[in-house]
Each structure stands twice: as structure tokens, then as C-alpha cells.
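Taking it in order: structure first as C-alpha cells, then the write-up.
Read-outs throughout are calculated quantities, based only on the coordinates presented, and are distinct from any laboratory measurement. All figures in this text were calculated on a predicted structure; none of them were measured in a lab. A quick note on method: Cβ atoms are made from the backbone with ideal geometry, for glycine too, and the neighbour counts reach across all protein chains shown.
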Amino acid sequence: MKSPIIMNHNTKTIPVASAPTSGGVVAVLSGWGSHTKKGPEAEILQKRNVTILNNDECNKRDASILDTQMCGFDGRGTGFCN
């Protein structure tokens with residue numbers, strides 16, 4: 001970032017999870033990630049509503065992840081794993 005974030009009524013911190021998230025939780029995903037597995041990163045901040053999947057469900061979808069990672073999908077073919 002070019003400058004530090006100033007905390008106010010529009011910007012707040014969120015706590016880091018202390019335990020794994022179970023599957024079925026709906027979450028908002030945002031970031032500048034790529035639209036495809038090896039494609040270029042987005043130039044504009046992206047936002048998606050996704051359903052978090054448990055690790056077994058992720059691995060069944062060929063999204064091999066570690067126990068320390070999580071994944072989710074939006075039901076339209078868009079997802080993430082990190």
C-alpha cells in the first residue's frame with residue numbers, strides 16, 4: 001500500500017480465526033486474485049459470496065488443500081482455495 005490505513009467508522013480490523021471454519025458457512029470473499037488457475041491477477045478489487053467447504057469436499061472437487069487452508073465456491077464455477 002502507498003499509505004497506512006487510518007482506522008475510523010469505515011475501516012475496522014477483523015480477528016484472525018482461531019479454529020477451522022466448518023463447511024456450509026456463507027462468506028464474502030474479496031481480493032485481487034486471478035480469475036483462472038494460472039491467469040493474471042485482477043486489476044480491480046473483486047468480491048464474491050461463497051459457501052465455505054470442508055476439506056473433504058474441497059479435495060473431492062480436485063482442490064487439494066492442506067489442513068491449514070480453506071476453500072469455497074459460489075455455485076457458478078467460481079471458487080478459491082488458500
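Here are the numbers:
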item: Per DSSP, loop chymotrypsin sites (Phe, Trp or Tyr not before Pro) in the chain with at most 14 further Cβ within 10 Å; result: TRP32
item: Selection of GluC sites (Glu not before Pro), segment 33-74, meeting DSSP coil and at most 11 other Cβ within 10 Å; result: GLU43
item: Answer label for Kirkwood radius over Cα pairs in Å (calculated), chosen among (1) 14.5; (2) 16.6; (3) 12.7; result: (1)
item: Restricting segment 6-77 to trypsin sites (Lys or Arg not before Pro) in coil, as DSSP defines it, with at most 10 other Cβ within 10 Å; result: LYS12, LYS37, LYS38, ARG76
item: Residue list for segment 16-35, given a label point 7 angstrom along the Cα-to-Cβ vector of LEU66 and an amide N cut-off under 18 Å; result: 17-21
item: Estimated dipole of segment 26-81 in Debye, rounded to 20 [Cβ of Lys and Arg +1, of Asp and Glu -1, Cα centre]; result: 180
item: Cβ-based net charge around GLY72, under 10 Å, with every Lys or Arg adding one and every Asp or Glu removing one; result: -1
item: Positive-pole candidate from SER34, CYS58, GLY24, dipole of segment 18-78, charges at beta carbon; result: SER34
